[in-house]
Amino acid sequence: MTSNQSGRTPLDTEAADSLRALAQDERGKAEELAAFLEDVAENGLPDPETCTPWAQLREQRLAELASGQTEQRVA
């Protein structure tokens, strides 16, 4: 690959498409986080009794990874 006038090395189409897909995925995650934060600001923190403990979420995620289920999700 050669540099263009801006000093950057262009990406091939597959790499550029992969980066665009990653950017879209990250944008979606940011939107989910922003919506959650807005909900907390509007309604306050959730009751801890109704929440899933982080250790349980961690164990579930580790089990998913061990079984080959690698889909990324917001808990």
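Taken over segment 20-62, the criterion of being of a type outside the set (Val, Ile, Thr), outside any helix (DSSP H, G or I) and surrounded by fewer than 10 Cβ atoms within 10 Å (Cβ to Cβ) is satisfied by GLY44, LEU45, ASP47, PRO53.
Working carefully through the options ASP47, ASP12, find the one that is modelled with pLDDT of 95 or more and over 15 Å from the mean Cα position of the chain (by Cα). When all the criteria are applied, what remains is ASP12. Among residues of segment 63-75 being among the hydrophobic types (A, V, I, L, M, F, W, C) and part of a loop (DSSP other than H, G, I, E, B), the one that is modelled with the highest pLDDT is VAL74.
The values are calculated or read from the model by the stated rules, or taken from the named source; none is laboratory data. This structure is a prediction, so every number in the text was calculated from the model and none was measured. Cβ atoms come from the backbone with ideal geometry, glycine included; neighbour counts cover every protein chain shown.
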